[in-house]
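*Asks:* One structure, pasted below without further comment.
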Amino acid sequence: MLKRYSIQLILVACGGLLTYVAYEELVSLYLLSVLMFMGVNVILSTSLNLVNGNMGEFSCGHAGFMCVGAYVSSVLGVWLFAKDKVFGPPVLPPELALYAFPLVILAGGVAAALAGLLVAIPSYKTRGDYLAIITIAANYIIISAIENLGVIGGSRGFMGMKSVISSMEDVAYLPWMPIWVFSFTIFCVWLIRRYVSSTFGKGVNAISQDEVAAEIMSVNTNKIKTITFMVSSGLAGIAGGLFAYILGYVNPGSFNILKSTEVLVMVYLGGMASLSGAVLSAIAFTILLELLRPLQIIKWVVIPLLLIIVMQFRPEGIMGSRELSDIFPWLKRFYRFK
Amino acid sequence: MLATIIQNLINALQWGSFYALIALGYTLVYGVLTLINFAHGDIFMVGAYIAFFVATFMLSAAGLPGWAALALTIPLTMILTSMVGVTLERVAYRPLRRKGAHRLYVVITALMCGLILEHANLALLGASRKAFPPMITEHVYNIGGVSFTNLKVAVIVSAILVFILLQWIVTKTKVGMAMRAISYDKFAVPLMGIPMDNIIVATFVLGSGMAGLAGILFAMSYPILEPYMGALIGWKAFIAAVVGGIGDIRGAFLGGFLLGAVEILVVAFFPSTFRDLIAFTVLLVILAFRPTGLFGVAKTTKI
């Protein structure tokens, strides 16, 4: 009994501890924000791993979908629940922000999933590096479109999300952002694990191994590609929404190809098609970025150098395509990854 | 009206020449190794900086006249830049290839090499922009309302010359034949006694040398240098190479000129902030209709 629910218990305990720590302000705001960015990075890297690892495509425009999610959820949130000089007084009473916040984030995810169609539909015919270009172009198109939308600030960016959060805190004083980031992170990892290990999701791995053979074995490749791209970009949109609310400010420049590169690094560092690898490498990469912060600009020389060295000694990433439960078999007592 | 069209055409040809010269490096390396060398845009940037240092040295320390400095700067920069490219190949890509790593890990390594080049430059030389010293005086000619400079003509002519040279190397010489053979069948080539590593090094020399040439020409046309100048141009040139059909030299040139033309036309008729949006949308539409690019041949998959 205890064994069966131990993962759930541990997660609830972690969430409770995080909430308590944030509520009592036992850790500095800086550390808290690093923890939150870690959650965002976990979502990003696991969702890109779904496409790049499990499905074997090479998508390098993940930040574009993140951008869509960030803008949709922050504009929606500010329009509904905050007083803004562009949108005027809030449409709904700000007290409702408490209940509607997850819906706002999910709406960003849905919008990003629709943007994912921009990549999913060309992927029926194109594969490999040609698809990689389409994803890069999609990233540029999304950023450039938002830069030209003067209503929501264009390239100057968009802000006002802090007042949504403060109106949530007015209703009930709890550290809402850490709570939501934690729950969305768990939700995303859970969703991807269930998706990949479902009967339908087996087709995703089949496409990566041999698309033609998969099609002959009656796998509906187009349907699987569409759904996988939409799930992946939708989760990136959720990550973008959370990112926007953590910072309280978004501008299109922060979702450029460099951000996509960061996510790619997290995926390939962890190992392709390894969910636990993606989670671990996202955590490790965030910690590394923060530890090397005092180096300032040299940081961006040291980190790529470290990664190149890692690649030379472990060309398949930290975990390869294995899961944590394959390396430590005793973990299988607690959870199954079929 | 006609004058405006010709004026825009010349601008497009000049702007497209840079894309074409850079796209060439991508396409050569991709054709031989099926590796997207994402560091190539930054090799172009390094080329421009090398040109800056060589030219400044020639003009001030050696005190040469402008034309002599230019004549020495071009080959020196091309050699030094190709050495940078070959160093990346030897240090980062070759060991990975030997280990039989997945292709995409090599791509990630290339991305990392690009980041290192960018930020090492930023750390060493600082964020201040460098002004490129003028080596030849620019003359503005005006024929029938169309104005062009001698530099613009030089850029276009050298791009075309490079195209002819490379097309000749790839289709007529033994090295070119070996390159095409490697891209055709990687396993049979060493059996035929072709030194694969030497051919790969030659590919990197050619590609990076042309990036160095593009660096000089770019620095002479737009004499401001900054460490991030290569990133955006590099990505765009890569997209141009793919639209032309990656692995084909004609494709790289056509794609480069096409991208240049689209960008110049967009700037001529729309606000300049729409440049990326419209240019990339056009490219996306082309790829949607011809998924393997203009010159690309669809690979048949054997079952």
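*Asks:* Among B:S128, B:T203, B:P271, pick out the residue whose Cα is farthest towards the positive end of the charge dipole of chain B, where Lys and Arg carry +1 and Asp and Glu carry -1 on C-beta, about the Cα centre.
*Replies:* The residue sitting farthest along the positive end of the dipole is B:T203.
*Asks:* Moving to a separate point now. For the protein assembly as shown, state what percent of all Cα-Cα pairs lands in each successive 10 Å bin, counting from 0 Å until the bin that includes the largest distance.
*Replies:* 3, 15, 25, 26, 18, 10, 4, 1, 0
*Asks:* Label 7 Å along Cα→Cβ of B:T149; region B:204-222 residues with amide nitrogen under 15 Å?
*Replies:* Counting only backbone N, you get B:216-222.
*Asks:* Which of B:I224, B:A92, B:H40 sits farthest toward the positive end of the charge dipole of chain B, with +1 on the Cβ of Lys and Arg and -1 on the Cβ of Asp and Glu?
*Replies:* B:A92
*Asks:* Give the residue from A:G160, A:L275, A:L29 lying farthest towards the positive end of the charge dipole for region A:6-333; charges sit on Cβ (+1 for Lys and Arg, -1 for Asp and Glu) and the dipole is referred to the Cα centre.
*Replies:* Working it through, the farthest residue towards the positive pole turns out to be A:L275.
*Asks:* Convert each backbone phi in region A:12-29 into a coupling constant with the Karplus relation 6.51 cos²θ - 1.76 cosθ + 1.60 (shift: θ = phi - 60°), then list the ³J(HN,Hα) values in order as whole Hz, x for Gly and Pro.
*Replies:* Coupling constants for region A:12-29: 4, 5, 4, x, x, 4, 4, 4, 4, 4, 6, 5, 7, 6, 6, 10, 6, 4 Hz.
*Asks:* Suppose every K and R has +1 on its Cβ and every D and E has -1 on its Cβ; what is the size of the dipole of chain A about the Cα centre, in Debye to the nearest 20?
*Replies:* 640 debye
*Asks:* Okay, moving on. Could you list A:R322, A:R333 in order of exposure, starting from the residue whose Cβ has the fewest other Cβ atoms within 10 Å?
*Replies:* Ascending number of Cβ neighbours within 10 Å: A:R333, A:R322.
*Asks:* Here is a follow-up. Just from its helices, what would the mean residue ellipticity at 222 nm be for chain A, if runs of 4 or more DSSP H residues each count -39500 (n - 2.57) and the sum is divided by every residue, rounded to the nearest 500 deg cm²/dmol?
*Replies:* For chain A, the value works out to -22500 deg cm²/dmol.
*Asks:* How far, in nm, would the chain grow between A:C14 and A:E215 when pulled straight, counting 0.36 nm per residue and subtracting the alpha carbon separation?
*Replies:* Net length gain for the segment: 68.1 nm.
*Asks:* With θ set to phi - 60° and the Karplus curve 6.51 cos²θ - 1.76 cosθ + 1.60, what are the ³J(HN,Hα) couplings of region A:293-303 in order, to the nearest whole Hz, using x for Gly and Pro?
*Replies:* Karplus values, whole Hz, x for Gly and Pro: 4, x, 6, 6, 6, 5, 3, 7, 8, 5, 5.
*Asks:* Does region B:1-127 classify as rounded, prolate or oblate by the C-alpha gyration tensor (a ≥ b ≥ c root eigenvalues; a/c under 1.5 gives rounded; else a/b over b/c gives prolate, otherwise oblate)?
*Replies:* Oblate is the answer for region B:1-127, as a/c is 1.5 or above yet b/c matches or exceeds a/b.
*Asks:* Follow-up question, since we're still on this one. When only DSSP loop residues count, what chymotrypsin sites (Phe, Trp or Tyr not before Pro) in region B:185-274 have their Cβ near at most 10 other Cβ atoms within 10 Å?
*Replies:* B:F187
*Asks:* Can you work out the Karplus-derived ³J(HN,Hα) for every residue in region A:78-95? Use 6.51 cos²θ - 1.76 cosθ + 1.60 with θ = phi - 60°, whole Hz, and x for glycine or proline.
*Replies:* Result, rounded to whole Hz: 5, 5, 7, 10, 9, 7, 9, 6, 8, 9, x, x, x, 6, 10, x, x, 5.
*Asks:* Can you tell me which of A:F229, A:F37, A:F313 moves the most in a GNM of chain A? Springs connect C-alpha atoms under 10 Å apart.
*Replies:* A:F313
*Asks:* Normalised by the number of residues in region B:12-161, what is the relative contact order in percent for Cα pairs under 8 Å and 6+ residues apart?
*Replies:* Relative contact order for region B:12-161 comes out at 32 percent.
*Asks:* Under 20 Å between alpha carbons, and skipping anything fewer than 8 positions from B:K186 in its own chain: which aspartates and glutamates qualify?
*Replies:* Output for B:K186: A:D129, B:E89, B:D197, B:D248.
*Asks:* Continuing with the same structure: Dimensions of chain B along principal axes (Cα, Å, largest first)?
*Replies:* 60, 49, 37
*Asks:* May I pose another question? Taking square-rooted eigenvalues a ≥ b ≥ c of the alpha carbon gyration tensor, is region B:106-225 rounded, prolate or oblate, where a/c under 1.5 means rounded and, failing that, a/b exceeding b/c means prolate?
*Replies:* Since a/c reaches 1.5 but b/c is at least a/b, the shape of region B:106-225 is classed as oblate.
*Asks:* Please give the charge dipole size of region B:19-228, origin at the Cα centre, charges +1 on K and R Cβ atoms and -1 on D and E Cβ atoms. Round to the nearest 20 debye.
*Replies:* 560 debye
*Asks:* Rounded to a whole number, what is D in µm²/s for region A:6-333 from Stokes-Einstein with the Kirkwood radius over alpha-carbon pairs (37 °C, 0.692 mPa s)?
*Replies:* Here the translational diffusion coefficient equals 161 µm²/s.
*Asks:* Under 18 Å Cα to Cα from A:K85, which aspartates and glutamates show up? Leave out anything in the same chain fewer than 8 places away.
*Replies:* none
*Asks:* Tell me what chain B gives for mean residue ellipticity at 222 nm when only DSSP H runs of n ≥ 4 count, each as -39,500 (n - 2.57), the sum divided by the residue total, rounded to 500 deg cm²/dmol.
*Replies:* One gets -24000 deg cm²/dmol as the mean residue ellipticity at 222 nm.
*Asks:* Here's something else I'd like to know. Just want to confirm a number: the relative contact order over chain B, from Cα pairs under 8 angstrom separated by 6+ residues, in percent.
*Replies:* Worked out over chain B, it gives 38 percent.
*Asks:* Give A:K125/A:K202; B:K99/B:K236; A:K202/A:K299; A:K299/B:K130; A:K202/A:K332 a once-over and call out the pairs whose C-alpha atoms are over 28 Å from each other.
*Replies:* The pairs that break the limit, which is 28 Å between Cα atoms, are B:K99/B:K236; A:K202/A:K299.
*Asks:* Just to be sure I understand: if I project the alpha-carbon convex hull of region A:92-206 onto a plane and average over all orientations, what area do I get in nm²?
*Replies:* Averaged projected area of region A:92-206's Cα convex hull equals 9.8 nm².
*Asks:* Just rank A:K125, A:K83, fewest to most, by other beta-carbon atoms within 10 angstrom.
*Replies:* A:K83, A:K125
*Asks:* I would also like to ask the following. Mean separation of Cα pairs under 8 Å and 6+ residues apart, divided by the residue count of chain A: what relative contact order is that in percent?
*Replies:* 32 percent
*Asks:* Also, quick follow-up: Say R0 is 45 Å: what FRET efficiency, to the nearest 0.05, do A:L149 and A:S183 get from their beta-carbon distance?
*Replies:* 0.90
*Asks:* Oh, and also: Based on the alpha-carbon gyration tensor of region A:279-337 and its eigenvalue square roots a ≥ b ≥ c, which shape applies: rounded if a/c is under 1.5, prolate if not and a/b is larger than b/c, or oblate?
*Replies:* Because a/c hits 1.5 or more and a/b fails to exceed b/c, region A:279-337 counts as oblate.
*Asks:* Another question about this same structure. So, with +1 on the Cβ of K and R and -1 on the Cβ of D and E, and no other charges, what is the size of the charge dipole of region B:86-162 about its Cα centre, to the nearest 20 debye?
*Replies:* 500 debye
*Asks:* Which of A:S28, A:S197 comes first, and how do the rest follow, when ranked by fewest Cβ neighbours within 10 Å?
*Replies:* Taking fewest neighbouring Cβ atoms as first place, the list is A:S28, A:S197.
Readers should treat all values here as calculations from the given coordinates under stated rules, not as data from a laboratory. This is a predicted model, so every value here is computed, not measured. Positions of Cβ are generated from backbone atoms using ideal geometry, with glycine treated the same way; all protein chains shown enter the neighbour counts.
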